[in-house]
1. Among the residues of the range 165-172, are any within 30 Å of residue 82 (Cβ to Cβ), over 27 Å from the mean Cα position of the chain (by Cα) and without any contact (Cβ under 8 Å) to a residue 24 or more places away in the chain?
2. Please go through (1) surrounded by 12 or more Cβ atoms within 10 Å (Cβ to Cβ); (2) touching a strand residue (DSSP E or B) at 6+ places or on another chain (Cβ under 8 Å); (3) modelled with pLDDT of 90 or more; (4) closer than 17 Å to residue 156 by Cα for residue 101 and return the number of the only condition it doesn't satisfy.
3. Taking into account only those residues within the range 113-126 that are in contact (Cβ under 8 Å) with a residue 24 or more places away in the chain, more than 25 Å from the chain's Cα centre (by Cα) and within 14 Å of residue 95 (Cα to Cα), which is surrounded by the most Cβ atoms within 10 Å (Cβ to Cβ)?
4. Mind listing whichever residues of the range 127-143 are in contact (Cβ under 8 Å) with a residue 60 or more places away in the chain and either touching a helix residue (DSSP H, G or I) at 6+ places or on another chain (Cβ under 8 Å) or more than 9 Å from residue 71 (Cβ to Cβ) (or both)?
5. Please determine, by comparing only the residues of the range 148-164 that are surrounded by 11 or more Cβ atoms within 10 Å (Cβ to Cβ) and in a loop (DSSP other than H, G, I, E, B), which one is nearest to the chain's Cα centre (by Cα).
């Protein structure tokens with residue numbers, strides 16, 4: 001028994017001597033931010049409180065809307081040409097419009113559609129470009145190209161895509177009731193939804 005006690009004592013001393021020799025190296029890697037946080041806890045606490053206060057103030061100041069207006073940099077130019085085929089619309093209207101509008105400022109992409117009785121040119125602009133400036137440039141380009149269009153073609157129409165014009169909800173009603181009764185139900189439902 002004496003021998004066991006003695007060996008355990010020797011082991012214990014050896015361990016403690018080994019542990020005492022372990023020293024952290026001065027070249028150990030540590031993150032500078034965590035070092036500052038550990039050395040100055042009061043400063044970090046104050047910074048945290050400031051972040052919380054600024055966050056609450058920002059939340060209260062920022063405008064919030066259920067359906068915010070989003071500017072989509074997209075214009076559509078429609079030129080009605082009654083009684084014409086798609087081929088005529090393309091050769092007499094679309095080609096001239098595209099040639100005139102391809103050099104507009106901040107224009108990202110131009111695409112066109114020739115249909116029976118109308119030509120449609122879609123203009124996509126770079127984000128951040130003022131849609132009002134774009135409309136002004138398109139009007140000026142249309143003024144330059146209008147004398148070259150056929151006499152039967154109607155005046156071009158510029159349409160801006162605005163998310164505020166889109167309906168928030170679309171409801172379809174169907175049933176075995178007559179058309180008149182379905183219309184009454186639809187109008188009643190519309191009034192109830194608008195009163196919310």
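1. no
2. Failed condition: (3).
3. 119
4. Of everything in the range 127-143, those that are in contact (Cβ under 8 Å) with a residue 60 or more places away in the chain and either touching a helix residue (DSSP H, G or I) at 6+ places or on another chain (Cβ under 8 Å) or more than 9 Å from residue 71 (Cβ to Cβ) (or both) turn out to be 134, 135, 138, 142.
5. 156
Residue by residue, here is whether (1) modelled with pLDDT of 90 or more; (2) touching a strand residue (DSSP E or B) at 6+ places or on another chain (Cβ under 9 Å) holds:
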position	(1), (2)
124	yes, yes
128	no, yes
136	yes, no
151	no, no
162	no, yes
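The values are calculated or read from the model by the stated rules, or taken from the named source; none is laboratory data. The shown structure was predicted, so the numbers you read here are calculated from the model rather than taken from an experiment. Backbone-built Cβ (ideal geometry, glycine too); neighbour counts: all protein chains shown.
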